[in-house]
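Asker: Starting off with a structure, shown below.
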Amino acid sequence: PTFSEPSLASNMRWAVVVAVTAAILQVQVSNAQSMGLVPVEPEGVPEEQPSGDPGKKDPMSELLNWAIENSDPETLKSLMEKYKENNLTIKDVYGQDVVDALFKNEGDVISDQIAVIQDFRNASLADSTLNAALEELEEVLHQVDHAGNLNRMGGMQPLLDLALGTERSEATRSLALLALGAAVNNNAPVQKELYDLQGLERLAAELQKCDGSSVGGPYCAKLLFCLSGLLKNAAVLQAQADQLGVTDWIMDVGVKHPAPAVVKKALGYLDTVLAQSPQLPFLDRLPGKRDVVTASLLGLVKDPDVDLSEKALEVLGRFAELRPKLLLGSREEIIAAARQAQHSCELQGIDKDVCSGLLHSAAEVDRKLAGWSGSDVEL
(Lines give C-alpha, C1' and ligand atoms only; values in the text may rest on other atoms or scores of the structure.)
Protein backbone atom coordinates (compact mmCIF):
# COMPACT_ATOMS: atom_id res chain seq x y z
CA PRO A 1 0.00 0.00 0.00
CA THR A 2 0.91 3.51 -0.45
CA PHE A 3 1.54 5.27 2.92
CA SER A 4 0.85 8.94 3.54
CA GLU A 5 3.25 11.48 5.04
CA PRO A 6 3.02 11.92 8.86
CA SER A 7 0.47 14.53 9.84
CA LEU A 8 1.36 17.85 11.44
CA ALA A 9 -0.28 16.76 14.69
CA SER A 10 1.79 13.58 14.75
CA ASN A 11 5.02 15.47 14.04
CA MET A 12 4.28 18.02 16.76
CA ARG A 13 3.60 15.30 19.30
CA TRP A 14 6.90 13.59 18.54
CA ALA A 15 8.73 16.91 18.61
CA VAL A 16 7.54 17.42 22.17
CA VAL A 17 8.51 13.88 23.13
CA VAL A 18 12.00 14.25 21.66
CA ALA A 19 12.56 17.66 23.23
CA VAL A 20 11.65 16.47 26.73
CA THR A 21 13.65 13.27 26.29
CA ALA A 22 16.63 15.30 25.12
CA ALA A 23 16.42 17.53 28.17
CA ILE A 24 16.41 14.56 30.54
CA LEU A 25 19.21 12.86 28.60
CA GLN A 26 21.34 16.01 28.69
CA VAL A 27 21.01 16.22 32.47
CA GLN A 28 22.03 12.57 32.82
CA VAL A 29 25.05 13.07 30.56
CA SER A 30 26.04 16.21 32.48
CA ASN A 31 25.84 14.35 35.79
CA ALA A 32 27.92 11.51 34.42
CA GLN A 33 30.55 13.89 33.09
CA SER A 34 30.81 15.72 36.41
CA MET A 35 31.47 12.36 38.09
CA GLY A 36 34.14 11.48 35.54
CA LEU A 37 32.15 8.57 34.12
CA VAL A 38 31.81 10.04 30.62
CA PRO A 39 34.68 11.86 28.91
CA VAL A 40 34.03 15.44 27.90
CA GLU A 41 34.58 15.96 24.17
CA PRO A 42 37.16 18.69 23.60
CA GLU A 43 35.98 21.65 21.57
CA GLY A 44 37.13 21.88 17.99
CA VAL A 45 37.34 18.11 17.42
CA PRO A 46 35.30 17.20 14.34
CA GLU A 47 32.47 14.83 14.95
CA GLU A 48 32.93 11.39 13.40
CA GLN A 49 30.64 10.93 10.43
CA PRO A 50 28.49 7.80 10.34
CA SER A 51 28.91 5.37 7.48
CA GLY A 52 26.34 5.22 4.71
CA ASP A 53 24.83 7.96 2.64
CA PRO A 54 26.25 11.23 4.02
CA GLY A 55 23.42 13.23 2.51
CA LYS A 56 20.67 11.22 4.16
CA LYS A 57 19.70 12.36 7.64
CA ASP A 58 17.15 10.98 10.06
CA PRO A 59 14.70 13.78 11.03
CA MET A 60 14.25 12.44 14.58
CA SER A 61 18.01 12.23 15.12
CA GLU A 62 18.40 15.76 13.81
CA LEU A 63 15.73 16.98 16.22
CA LEU A 64 17.38 15.18 19.14
CA ASN A 65 20.78 16.65 18.25
CA TRP A 66 19.28 20.12 17.95
CA ALA A 67 17.66 19.82 21.38
CA ILE A 68 20.94 18.75 22.97
CA GLU A 69 23.08 21.34 21.20
CA ASN A 70 20.72 24.19 22.07
CA SER A 71 20.34 23.43 25.76
CA ASP A 72 22.53 24.42 28.72
CA PRO A 73 23.48 21.32 30.74
CA GLU A 74 24.22 23.29 33.93
CA THR A 75 20.89 25.11 33.79
CA LEU A 76 19.03 21.87 33.15
CA LYS A 77 20.88 20.16 35.97
CA SER A 78 19.99 22.96 38.36
CA LEU A 79 16.36 22.87 37.33
CA MET A 80 16.10 19.11 37.73
CA GLU A 81 17.64 19.30 41.19
CA LYS A 82 15.11 21.99 42.11
CA TYR A 83 12.23 19.85 40.83
CA LYS A 84 13.55 16.89 42.79
CA GLU A 85 13.80 18.89 46.00
CA ASN A 86 10.22 20.13 45.57
CA ASN A 87 8.95 16.64 44.66
CA LEU A 88 7.73 17.82 41.24
CA THR A 89 6.84 15.40 38.45
CA ILE A 90 7.05 15.72 34.66
CA LYS A 91 3.33 16.52 34.72
CA ASP A 92 3.88 19.33 37.23
CA VAL A 93 6.69 20.79 35.17
CA TYR A 94 5.56 20.27 31.57
CA GLY A 95 1.80 19.72 31.87
CA GLN A 96 -0.60 16.90 31.05
CA ASP A 97 -0.26 17.41 27.27
CA VAL A 98 3.42 16.46 27.37
CA VAL A 99 2.71 13.43 29.56
CA ASP A 100 0.04 12.31 27.09
CA ALA A 101 2.46 12.78 24.21
CA LEU A 102 5.14 10.75 25.97
CA PHE A 103 2.95 7.79 26.82
CA LYS A 104 0.19 7.78 24.19
CA ASN A 105 -0.10 4.60 22.09
CA GLU A 106 -1.79 4.11 18.72
CA GLY A 107 -4.94 2.75 20.38
CA ASP A 108 -5.27 6.05 22.21
CA VAL A 109 -4.69 7.92 18.94
CA ILE A 110 -7.51 6.00 17.23
CA SER A 111 -9.90 6.60 20.12
CA ASP A 112 -9.11 10.32 20.26
CA GLN A 113 -9.46 10.86 16.53
CA ILE A 114 -12.69 8.87 16.30
CA ALA A 115 -14.13 11.09 19.01
CA VAL A 116 -13.33 14.14 16.89
CA ILE A 117 -14.76 12.58 13.70
CA GLN A 118 -17.98 11.56 15.45
CA ASP A 119 -18.55 15.26 16.09
CA PHE A 120 -18.21 16.25 12.40
CA ARG A 121 -21.74 17.70 12.25
CA ASN A 122 -20.83 20.21 14.96
CA ALA A 123 -20.47 23.51 13.09
CA SER A 124 -18.12 24.84 15.76
CA LEU A 125 -15.60 22.09 15.02
CA ALA A 126 -12.93 23.67 12.83
CA ASP A 127 -12.07 22.03 9.50
CA SER A 128 -8.39 22.09 10.46
CA THR A 129 -9.09 20.06 13.61
CA LEU A 130 -11.23 17.56 11.75
CA ASN A 131 -8.73 17.25 8.90
CA ALA A 132 -5.87 16.62 11.34
CA ALA A 133 -7.91 13.85 13.01
CA LEU A 134 -8.67 12.25 9.65
CA GLU A 135 -5.05 12.36 8.53
CA GLU A 136 -3.76 10.85 11.77
CA LEU A 137 -6.43 8.14 11.75
CA GLU A 138 -5.64 7.23 8.13
CA GLU A 139 -1.99 6.73 9.08
CA VAL A 140 -2.75 3.98 11.60
CA LEU A 141 -5.56 2.30 9.62
CA HIS A 142 -3.04 0.90 7.16
CA GLN A 143 -2.25 -1.62 9.90
CA VAL A 144 -4.64 -4.55 9.69
CA ASP A 145 -5.21 -4.84 13.45
CA HIS A 146 -6.10 -1.19 13.84
CA ALA A 147 -8.39 -1.33 10.79
CA GLY A 148 -10.16 -4.26 12.41
CA ASN A 149 -10.93 -2.12 15.46
CA LEU A 150 -12.36 0.83 13.51
CA ASN A 151 -15.99 -0.29 13.47
CA ARG A 152 -15.88 -1.79 16.97
CA MET A 153 -14.67 1.56 18.31
CA GLY A 154 -17.50 3.41 16.57
CA GLY A 155 -15.47 5.00 13.79
CA MET A 156 -16.68 3.41 10.56
CA GLN A 157 -20.24 4.78 10.46
CA PRO A 158 -19.27 8.44 11.05
CA LEU A 159 -16.46 8.12 8.50
CA LEU A 160 -18.93 6.87 5.90
CA ASP A 161 -21.51 9.52 6.77
CA LEU A 162 -18.89 12.27 6.66
CA ALA A 163 -17.47 11.07 3.33
CA LEU A 164 -20.85 10.94 1.59
CA GLY A 165 -22.58 13.81 3.38
CA THR A 166 -22.81 17.47 2.56
CA GLU A 167 -21.88 18.99 5.91
CA ARG A 168 -18.19 19.39 5.06
CA SER A 169 -16.07 20.43 2.08
CA GLU A 170 -14.98 18.00 -0.62
CA ALA A 171 -11.41 18.25 0.65
CA THR A 172 -12.42 17.05 4.11
CA ARG A 173 -14.73 14.40 2.72
CA SER A 174 -11.87 13.18 0.51
CA LEU A 175 -9.77 12.61 3.63
CA ALA A 176 -12.60 10.51 5.09
CA LEU A 177 -12.65 8.41 1.91
CA LEU A 178 -8.89 7.92 2.16
CA ALA A 179 -9.22 6.67 5.73
CA LEU A 180 -12.04 4.30 4.80
CA GLY A 181 -10.11 3.04 1.80
CA ALA A 182 -7.05 2.37 3.94
CA ALA A 183 -9.15 0.37 6.40
CA VAL A 184 -10.95 -1.89 3.90
CA ASN A 185 -8.14 -2.44 1.40
CA ASN A 186 -7.79 -6.19 0.90
CA ASN A 187 -9.16 -6.76 4.41
CA ALA A 188 -12.11 -9.16 4.20
CA PRO A 189 -13.54 -8.74 7.74
CA VAL A 190 -13.47 -4.93 7.46
CA GLN A 191 -14.89 -5.09 3.92
CA LYS A 192 -17.85 -7.04 5.32
CA GLU A 193 -18.37 -4.50 8.09
CA LEU A 194 -18.53 -1.63 5.60
CA TYR A 195 -20.82 -3.67 3.34
CA ASP A 196 -23.16 -4.34 6.28
CA LEU A 197 -23.46 -0.58 6.76
CA GLN A 198 -24.78 -0.34 3.16
CA GLY A 199 -21.39 1.00 2.23
CA LEU A 200 -21.31 -0.53 -1.25
CA GLU A 201 -24.75 0.79 -2.20
CA ARG A 202 -23.98 4.26 -0.89
CA LEU A 203 -20.54 4.48 -2.51
CA ALA A 204 -21.93 3.22 -5.83
CA ALA A 205 -24.72 5.80 -5.73
CA GLU A 206 -22.22 8.57 -4.95
CA LEU A 207 -20.12 7.51 -7.93
CA GLN A 208 -22.94 8.40 -10.30
CA LYS A 209 -22.49 12.05 -9.29
CA CYS A 210 -18.94 12.04 -10.68
CA ASP A 211 -19.91 13.14 -14.16
CA GLY A 212 -17.02 15.53 -14.65
CA SER A 213 -18.96 18.68 -13.84
CA SER A 214 -20.78 18.71 -10.51
CA VAL A 215 -18.21 16.94 -8.29
CA GLY A 216 -14.47 17.62 -8.21
CA GLY A 217 -11.94 15.23 -9.69
CA PRO A 218 -9.85 14.78 -6.51
CA TYR A 219 -12.92 13.72 -4.54
CA CYS A 220 -13.99 11.26 -7.26
CA ALA A 221 -10.50 9.76 -7.38
CA LYS A 222 -10.62 9.14 -3.61
CA LEU A 223 -14.09 7.66 -4.01
CA LEU A 224 -12.73 5.18 -6.56
CA PHE A 225 -9.81 4.43 -4.24
CA CYS A 226 -12.26 3.55 -1.47
CA LEU A 227 -14.46 1.46 -3.76
CA SER A 228 -11.45 -0.41 -5.12
CA GLY A 229 -10.29 -1.21 -1.60
CA LEU A 230 -13.75 -2.45 -0.64
CA LEU A 231 -13.99 -4.76 -3.68
CA LYS A 232 -10.42 -6.01 -3.93
CA ASN A 233 -10.25 -9.83 -3.90
CA ALA A 234 -14.00 -9.94 -3.18
CA ALA A 235 -15.67 -11.58 -6.19
CA VAL A 236 -19.14 -11.54 -4.65
CA LEU A 237 -18.92 -7.82 -3.93
CA GLN A 238 -17.52 -7.17 -7.40
CA ALA A 239 -20.58 -8.87 -8.92
CA GLN A 240 -22.91 -6.78 -6.74
CA ALA A 241 -21.05 -3.62 -7.70
CA ASP A 242 -21.57 -4.55 -11.34
CA GLN A 243 -25.30 -4.88 -10.72
CA LEU A 244 -25.25 -1.43 -9.11
CA GLY A 245 -23.79 0.04 -12.30
CA VAL A 246 -20.23 0.61 -11.10
CA THR A 247 -18.54 -1.20 -14.01
CA ASP A 248 -20.74 0.52 -16.58
CA TRP A 249 -19.88 3.90 -15.03
CA ILE A 250 -16.19 3.01 -15.25
CA MET A 251 -16.43 2.33 -18.98
CA ASP A 252 -18.99 4.98 -19.92
CA VAL A 253 -17.76 7.85 -17.74
CA GLY A 254 -14.66 6.96 -15.76
CA VAL A 255 -12.23 6.33 -18.63
CA LYS A 256 -13.39 9.56 -20.30
CA HIS A 257 -13.38 11.74 -17.19
CA PRO A 258 -11.60 15.12 -17.56
CA ALA A 259 -9.49 14.49 -14.43
CA PRO A 260 -6.49 12.22 -15.18
CA ALA A 261 -6.45 10.95 -11.59
CA VAL A 262 -10.01 9.65 -12.01
CA VAL A 263 -9.18 8.00 -15.35
CA LYS A 264 -6.19 6.21 -13.83
CA LYS A 265 -8.24 4.95 -10.90
CA ALA A 266 -10.97 3.83 -13.31
CA LEU A 267 -8.49 1.90 -15.46
CA GLY A 268 -6.90 0.37 -12.39
CA TYR A 269 -10.30 -0.70 -11.10
CA LEU A 270 -11.21 -2.23 -14.46
CA ASP A 271 -7.93 -4.12 -14.72
CA THR A 272 -8.33 -5.58 -11.22
CA VAL A 273 -11.97 -6.57 -11.63
CA LEU A 274 -11.43 -8.20 -15.04
CA ALA A 275 -8.51 -10.18 -13.61
CA GLN A 276 -10.42 -11.35 -10.54
CA SER A 277 -13.94 -11.73 -12.01
CA PRO A 278 -13.55 -12.86 -15.65
CA GLN A 279 -17.21 -13.93 -15.79
CA LEU A 280 -18.57 -10.53 -14.83
CA PRO A 281 -21.92 -9.82 -16.58
CA PHE A 282 -20.51 -6.49 -17.69
CA LEU A 283 -18.55 -8.34 -20.37
CA ASP A 284 -21.77 -9.54 -21.98
CA ARG A 285 -22.86 -5.93 -22.38
CA LEU A 286 -19.70 -4.88 -24.21
CA PRO A 287 -20.70 -5.79 -27.81
CA GLY A 288 -23.17 -2.92 -27.90
CA LYS A 289 -20.41 -0.56 -26.84
CA ARG A 290 -17.60 -1.93 -28.99
CA ASP A 291 -16.86 1.21 -31.02
CA VAL A 292 -17.02 3.49 -27.98
CA VAL A 293 -14.89 1.18 -25.87
CA THR A 294 -12.13 0.77 -28.43
CA ALA A 295 -12.09 4.48 -29.31
CA SER A 296 -11.80 5.45 -25.62
CA LEU A 297 -8.99 3.02 -24.88
CA LEU A 298 -7.05 3.82 -28.05
CA GLY A 299 -7.27 7.52 -27.22
CA LEU A 300 -5.80 6.80 -23.79
CA VAL A 301 -2.97 4.75 -25.28
CA LYS A 302 -1.98 7.83 -27.32
CA ASP A 303 -2.10 10.14 -24.29
CA PRO A 304 1.21 11.90 -23.49
CA ASP A 305 0.87 10.69 -19.90
CA VAL A 306 2.85 7.44 -19.99
CA ASP A 307 1.10 6.07 -16.92
CA LEU A 308 -2.25 6.45 -18.68
CA SER A 309 -0.89 4.72 -21.79
CA GLU A 310 0.41 1.80 -19.74
CA LYS A 311 -2.84 1.35 -17.86
CA ALA A 312 -4.93 1.52 -21.06
CA LEU A 313 -2.74 -1.16 -22.66
CA GLU A 314 -3.20 -3.36 -19.59
CA VAL A 315 -6.98 -3.13 -19.95
CA LEU A 316 -6.74 -3.84 -23.68
CA GLY A 317 -4.76 -6.94 -22.76
CA ARG A 318 -7.58 -8.08 -20.45
CA PHE A 319 -10.15 -7.60 -23.19
CA ALA A 320 -7.92 -9.49 -25.65
CA GLU A 321 -8.02 -12.46 -23.28
CA LEU A 322 -11.68 -12.33 -22.32
CA ARG A 323 -13.44 -10.86 -25.39
CA PRO A 324 -10.91 -10.98 -28.24
CA LYS A 325 -13.45 -10.43 -31.02
CA LEU A 326 -14.12 -7.00 -29.52
CA LEU A 327 -10.65 -5.92 -30.69
CA LEU A 328 -9.96 -8.07 -33.74
CA GLY A 329 -10.74 -5.20 -36.10
CA SER A 330 -8.44 -2.83 -34.22
CA ARG A 331 -5.12 -4.68 -34.23
CA GLU A 332 -3.34 -2.23 -36.52
CA GLU A 333 -4.78 0.75 -34.66
CA ILE A 334 -3.50 -0.60 -31.34
CA ILE A 335 0.05 -0.93 -32.69
CA ALA A 336 -0.14 2.51 -34.32
CA ALA A 337 -1.38 4.09 -31.10
CA ALA A 338 1.46 2.46 -29.15
CA ARG A 339 4.03 3.74 -31.66
CA GLN A 340 2.66 7.25 -31.21
CA ALA A 341 2.80 6.86 -27.44
CA GLN A 342 6.37 5.61 -27.63
CA HIS A 343 7.40 8.59 -29.77
CA SER A 344 5.75 11.02 -27.36
CA CYS A 345 7.43 9.28 -24.45
CA GLU A 346 10.88 9.63 -26.02
CA LEU A 347 10.30 13.31 -26.78
CA GLN A 348 9.68 13.84 -23.06
CA GLY A 349 13.10 12.41 -22.28
CA ILE A 350 11.70 9.44 -20.37
CA ASP A 351 13.81 6.32 -19.98
CA LYS A 352 14.00 4.41 -23.27
CA ASP A 353 13.10 1.10 -21.64
CA VAL A 354 9.87 2.64 -20.35
CA CYS A 355 9.05 4.06 -23.78
CA SER A 356 9.81 0.88 -25.66
CA GLY A 357 7.76 -1.03 -23.11
CA LEU A 358 4.63 0.64 -24.49
CA LEU A 359 5.16 -0.93 -27.91
CA HIS A 360 6.06 -4.27 -26.31
CA SER A 361 2.76 -4.20 -24.40
CA ALA A 362 0.85 -3.47 -27.60
CA ALA A 363 2.66 -6.33 -29.33
CA GLU A 364 1.58 -8.63 -26.50
CA VAL A 365 -2.03 -7.57 -27.00
CA ASP A 366 -1.66 -8.26 -30.72
CA ARG A 367 -0.15 -11.67 -30.01
CA LYS A 368 -3.21 -12.61 -27.96
CA LEU A 369 -5.51 -11.46 -30.74
CA ALA A 370 -3.54 -13.20 -33.49
CA GLY A 371 -4.50 -16.59 -32.13
CA TRP A 372 -8.17 -15.77 -32.55
CA SER A 373 -8.01 -14.11 -35.97
CA GLY A 374 -10.46 -15.77 -38.30
CA SER A 375 -11.87 -17.99 -35.53
CA ASP A 376 -15.46 -18.13 -34.41
CA VAL A 377 -15.00 -16.61 -30.99
CA GLU A 378 -17.36 -15.15 -28.47
CA LEU A 379 -17.96 -11.44 -28.83
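Asker: Scan the stretch 184-228 for residues that are within 20 Å of the chain's Cα centre (by Cα), under 15 Å from Asn151 (Cα atoms) and in a loop (DSSP other than H, G, I, E, B) and report the count.
Answerer: Here the count works out to 2.
Asker: Of the residues in the stretch 254-273, how many are under 19 Å from the mean Cα position of the chain (by Cα), among the aliphatic types (A, V, I, L, M) and assigned to a helix (DSSP H, G or I)? Reasoning before the result, please.
Answerer: Keep residues of the stretch 254-273 that are under 19 Å from the mean Cα position of the chain (by Cα), which gives 259-272.
Pick out the ones that are also among the aliphatic types (A, V, I, L, M) and you get 259, 261-263, 266-267, 270.
The next check asks that each one be assigned to a helix (DSSP H, G or I); those that pass are 261-263, 266-267, 270.
Number satisfying all stated conditions: 6.
Asker: Among the residues of the stretch 286-301, which ones are small (Gly, Ala, Ser) and within 25 Å of Gln342 (Cβ to Cβ)?
Answerer: Pass one, the stretch 286-301, residues small (Gly, Ala, Ser): 288, 295-296, 299.
Within the stretch 286-301, Ala295, Ser296, Gly299 qualify.
Asker: Quick check, is Ala239 in contact (Cβ under 8 Å) with a residue 24 or more places away in the chain and in a helix (DSSP H, G or I)? Before you say what the answer is, go through the steps one by one.
Answerer: Values: in contact (Cβ under 8 Å) with a residue 24 or more places away in the chain: yes; in a helix (DSSP H, G or I): yes.
Yes: the conditions hold for Ala239.
Asker: Let me ask something additional. Among the residues of the stretch 120-155, which ones are assigned to a loop (DSSP other than H, G, I, E, B), under 18 Å from the mean Cα position of the chain (by Cα) and surrounded by fewer than 19 Cβ atoms within 10 Å (Cβ to Cβ)? Full working, then the answer.
Answerer: Step one: filter the stretch 120-155 for residues assigned to a loop (DSSP other than H, G, I, E, B), giving 120-126, 142-143, 150-155.
Still in the list and also under 18 Å from the mean Cα position of the chain (by Cα): 142-143, 150.
Within the stretch 120-155, His142, Gln143 qualify.
Asker: Here is a further query. So which residues in the stretch 156-195 are over 17 Å from Gln238 (Cβ atoms) and either at pLDDT below 95 or open to solvent by 40 Å² or more (accessible area, probe 1.4 Å) (or both)? Give the steps one after another, and end with the answer.
Answerer: So in the stretch 156-195, the residues over 17 Å from Gln238 (Cβ atoms) come out as 156-180, 182-183, 189, 193.
Selection gives Gln157, Thr166, Glu167, Ser169, Glu170, Ala171, Leu178, Pro189, Glu193.
Asker: Out of Ser361, Ser296, report the one residue that is of a type outside the set (D, E, K, R) and closer than 20 Å to Trp249 by Cβ. Steps first, please.
Answerer: Working: Ser361 fails: closer than 20 Å to Trp249 by Cβ.
Ser296 is the lone residue from the list that is of a type outside the set (D, E, K, R) and closer than 20 Å to Trp249 by Cβ.
Asker: Same structure again: Pairs needed: first member in the stretch 250-278, over 17 Å from Pro218 (Cβ atoms) and touching a residue at least 12 places away in the same chain (Cβ under 8 Å); second member anywhere, open to solvent by 10 Å² or more (accessible area, probe 1.4 Å) and not in a helix (DSSP H, G or I); C-beta distance under 9 Å; at least 6 residues apart or different chains.
Answerer: Lys256/Gly212; Thr272/Lys232; Thr272/Asn233; Gln276/Lys232; Gln276/Asn233; Gln276/Ala234
Asker: Report, by residue number, each residue of the stretch 152-185 that is more than 19 Å from Ala205 (Cα to Cα) and of a type in the set (D, E, K, R).
Answerer: Within the stretch 152-185, just Arg152 meets the criteria.
Asker: Output the helices (runs of 4 or more DSSP H) that fall wholly within the stretch 274-379 and possess 2 or more residues being within 30 Å of Gln240 (Cα to Cα), or say none. Reasoning before the result, please.
Answerer: Working: elements: 290-301, 306-322, 331-347, 352-370.
Answer list for the stretch 274-379: 290-301, 306-322, 352-370.
The values are calculated or read from the model by the stated rules, or taken from the named source; none is laboratory data. Treat the numbers as computed from the prediction; the structure is a model and nothing was measured. As a convention, Cβ positions derive from the backbone with ideal geometry for all residues, glycine included, and neighbour counts pool all protein chains shown. Heavy atoms of the whole protein, side chains included, go into the accessibility calculation; ligands, DNA and RNA do not. Shrake-Rupley method; radii C 1.70, N 1.55, O 1.52, S 1.80 Å.
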